[in-house]
Amino acid sequence: MALIIASGCSVTRGIRKDQAIVRKVVIKGVDKEFSEMALNYVDKEVQPNNWLNLQIYYTFSKKGKRSIGEAPAILDSNLVDFSRDQIQKFLVNKGYLKAKVTDSIGIKNRKATLYFTAQQGPLFHIRNFRDSIYDPKVRQIYRKTRDLYTHVKPGSRFDTDSLAYDRDQFYQEMKRNGYFDFYRQYITYTPDSNWNKSVVDLVMIIDNPPGKSAHPVYTINNTLITIARSNGRTPGKADTLQVDSQFRFVDFSGRFKPRTVTDYIFQKKGEIYDIDKQTMTTSRLSELNVFRNVPNPTYEKLADSTNRLNSKIDIVPLKRMSDRVEAEFLFNGGRYGYNLGNTFTNRNMFKQAAALQLKLNWSILFDNGFAGTKGIQNQDFRVGASLIYPRIILPFDFPNLAKFGVPHTTFASNFQLFYQKGLVERRSFINSVTYDFFETFRKQHSITPISIEFSNGTIDPIAKNELLSQNRYSYVYLIGRTTFTSGSQYTFQYNANELNSYKNFIYFRGNLDVGGNFLALVSKLTNSPKDTLGHRTLFGYTFAQYVKTEFDYRWYRSLGGERQFIFRINPGIGIPYGNSDQLIFEKNFYAGGANDMRAWLPRTLGPGNFNRASYGVGGAADTTRARLKYLDQFGEVKIVANAEYRYKIADNFFGSKLKGAFFVDAGNVWRLHKQADNPNGEFSFGNLWQSTAIGIGTGLRFDLSFFIFRLDAAFKFKDPQFTGSDQWVFLKHMNELFGGGPFKTKYQQTNGDNYGFMQLNFGIGLPF
């Protein structure tokens, strides 16, 4: 940005002396309803540039040799004339049949303003409407369905866009009812205008095919499925399998069983042709994620007079193996860390499009900001294997749930190792079976009927003795306990399919996790022994009982083009009960990081008003702080809210779309009850505002279509570890934002740590 400013900000510096750049377009005389739409009919080459896009072009494009940013909109009188005609046609199409548009140009200092002035005239309405349909069956379908979609009624605006919409809707309706040979050209509208009264009498006509008394209805006959090799070739010969009375199967790749494809072909033999089932077939085969090219089926009419269709589906598979790397980098003063992930996928196990995924994830956090905590502070290593079948696998027959999306059955096994320097190692094993399916196009369900988890921790002996000497039993119990549980989870998502769009919509994700009830029943029936704390055990280990729920609600609003506002609220709560006094370590909530409270590092916010200065001062306190760093700031309650404004900066910035964002994050985690280890960390409605953190920031997104690089700079605005007006750290201590001062000095003395206002996050993908 400094480079752009330094090189000069004039919008005319890149054009010749005899040229003018269009900086403003004014449209007069057009109703408010259509004034914004009318601007779209001004030719793009004479629409005013975004100032920043233009400066990027002047700075980086080297006189047009590279397509970066947005080239200047040079005044061209021919394009102005063309734009005037387009605006006039637009108004006529919207019912102003007598509309006339004139144009003029104003130029000052080589900056041009375009003026388009419309004399709309009267708005024409439909006075009478009737249909003239020669085929009685077609007439019946039309009159039965038109009220579901029509925009054309007596008294409505005479609008050619509405006529085109109605024509297309009925064309689709015919294609759903077996009329394979029906074309839009069969539908015509005959308007009779009364210019004096500004009304139109309209007749819709649907002709029969030439030489025929009715439109034919077609049914499905046989289907040929051909799978090429991944390079698209079909060399040599491949056996043709007659799967059943409908399907023949030819696989040149030798990698697929017929059922992989036939399960997702919804046009069955003897059924009437239906374009929706054709589209559904193409969509589901694409969603299997094993085929590179899934075109619409092609149809061939049988030579006889039976009106039957043979169909053919030609498919090109993807390469069998793929590998994806993901990364995220965090930086805050002397503390920094990264998160590396790698996913290896075999797309077609057992020739059934079953995906085997092997995932590795390594998170590591360094701290070089304070003498007692230099080097690696914690590491989180995860490895998992998942076998994902594109169907519901049960020991009994189950209906095909693929109407709105491909269902999946996932068998997963995961291992997690968490290491905290000088304190603990925790290991966790989880095995689960999960079913995912769509109820509708927007509603998705995920059910995990069984999830078995075993976890144990090993505490550093010196750390354990120090914690016990300070009566910090809860930490010893939390991080050092060995436990297992058997639970079930349910997740519901709404509108996940819209997340990459710029529409107005809401997104919702809700999760419920319940564990230990079955084991509690078994322990009671068998009268299993109890440990020294009075908790029942099975197989020598304590089992956990809990209920945990979390919600993610987002409100998306389009602001035109690629501008968007998102509001998100993400609350959650976990409650131990029965055989458990605390949630197991892995079930607690933490705040901070690149996807929620971006001004804080992961695991460094909260709980509530908890301030790590409460450990006291001196060597013992500093040692405890260092040992529990990134581990003592957790809670059973979480509330996080985010507001983010996203906008486009440049269409072409070194091969990517450059986008920006401004955001505000608010929230925290809290302990469910008052705890001596986390003073002022408990949840209370009366103290909710005082214990809420706020962060602000801005960021850049480099959109490469297939993934997005993200760089966010976030600042602590309100920090709940302080009290009263001291919480407003951004306003009160702005002079120390990028330097030292008494506030940071005092914080280091009382908290044994450097205070960082700014947090940099670099990652792949959007934060939410």
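Calculation over all alpha carbon pairs of region 729-768 in 5 angstrom steps from 0 returns a P(r) of 6, 20, 24, 17, 10, 9, 10, 3 percent.
Cross-link reach is defined here as a Cα-Cα straight distance under 21 Å, omitting same-chain residues fewer than 8 places apart; for residue 24 the lysines meeting it are 32, 44, 108, 111, 648. Please state the shape class of region 387-515: rounded when a/c is under 1.5, otherwise prolate if a/b exceeds b/c and oblate if not, all from the C-alpha gyration tensor. It is prolate, given that a/c is not under 1.5 and a/b is the larger ratio. Computed with the Debye formula from one identical point scatterer per Cα of region 177-308, without solvent, the log10 of I(q)/I(0) at q = 0.21, 0.22 Å⁻¹ comes to -1.27, -1.34.
Using only Cα atoms, locate the centre of region 13-72 and the centre of region 174-230, then give the distance between them in Å, rounded to an integer. Region 13-72 and region 174-230 have Cα centres separated by 41 Å.
Entry note: the chain has Rg to Rh equal to 1.04, where both radii use alpha-carbon atoms and Rh is the Kirkwood radius.
What's the long-distance tail for region 342-457, i.e. % of Cα pairs beyond 24 Å? Across region 342-457, Cα pairs with separations above 24 Å total 45 percent. Computed over the alpha-carbon atoms, region 482-552 gives an Rg to Rh ratio of 1.28, Rh here being the Kirkwood radius from the mean inverse distance. Each peptide in 450-458, 480-488 gets a packing score, the mean of other Cβ atoms within 10 Å over its residues, and the list from highest to lowest is 480-488, 450-458. Ranked from largest to smallest solvent-accessible area, with a 1.4 Å probe on the protein heavy atoms, 175, 44, 32, 277 come out as 32, 44, 277, 175. Distance from the Cα centroid of region 703-768 to that of region 119-150 is 62 Å (rounded to whole angstrom). Treating each Cα of region 88-246 as an identical point scatterer and summing with the Debye formula, the log10 of I(q)/I(0) at q = 0.17, 0.20 Å⁻¹ comes to -1.02, -1.22. Residue 550 contributes about 50 Å² of solvent-accessible surface, heavy atoms of the protein only, 1.4 Å probe. What base-10 log of the normalised intensity I(q)/I(0) is obtained for region 79-155 from the Debye formula, alpha carbons as equal point scatterers, at q = 0.19 Å⁻¹? So the normalised log intensities are -0.87.
Once you reduce region 251-302 and region 630-678 to the center of their Cα atoms, the two points are 43 Å from each other. For region 669-714, the equivalent ellipsoid derived from the Cα gyration tensor has semi-axes of 37, 12, 9 Å, listed largest first. For residue 312, the lysines whose Cα falls under 22 Å of its own Cα, not counting residues fewer than eight places away in the same chain, are 175, 237, 257, 268, 269, 277, 301, 351, 403. Estimated at the nearest 10 Å², the accessible area of residue 292 is 130 Å² with a 1.4 Å probe. Once all protein chains are placed together, residue 646 keeps about 20 Å² accessible to a 1.4 angstrom probe.
Pairwise alpha-carbon distances in region 111-150 exceed 15 Å for 67% of all pairs.
Shown here: region 419-487, whose C-alpha atoms stretch 57, 21, 20 Å along the first, second and third principal axes, sorted largest to smallest.
Can you give the alpha-carbon Rg of region 149-243 over 2.2 N^0.38 Å, where N counts its residues?
Rg over 2.2 N^0.38 Å, computed on Cα atoms: 1.78.
Working ranking of peptides 91-102, 390-401 by packing, defined as the average number of other Cβ atoms within 10 Å per residue, highest first, is 91-102, 390-401. Largest first, the residues 265, 639 sort by 1.4 Å accessible area into 639, 265.
The values are calculated or read from the model by the stated rules, or taken from the named source; none is laboratory data. Nothing here was measured: the structure is a model prediction, and the numbers come from that model. Here the Cβ is made from the backbone with ideal geometry for all residues, glycine too, and neighbour counts use every protein chain on show. Please note that ligands, DNA and RNA were not included when accessible areas were found on the heavy atoms of the full protein model with its side chains. Shrake-Rupley method; radii C 1.70, N 1.55, O 1.52, S 1.80 Å.
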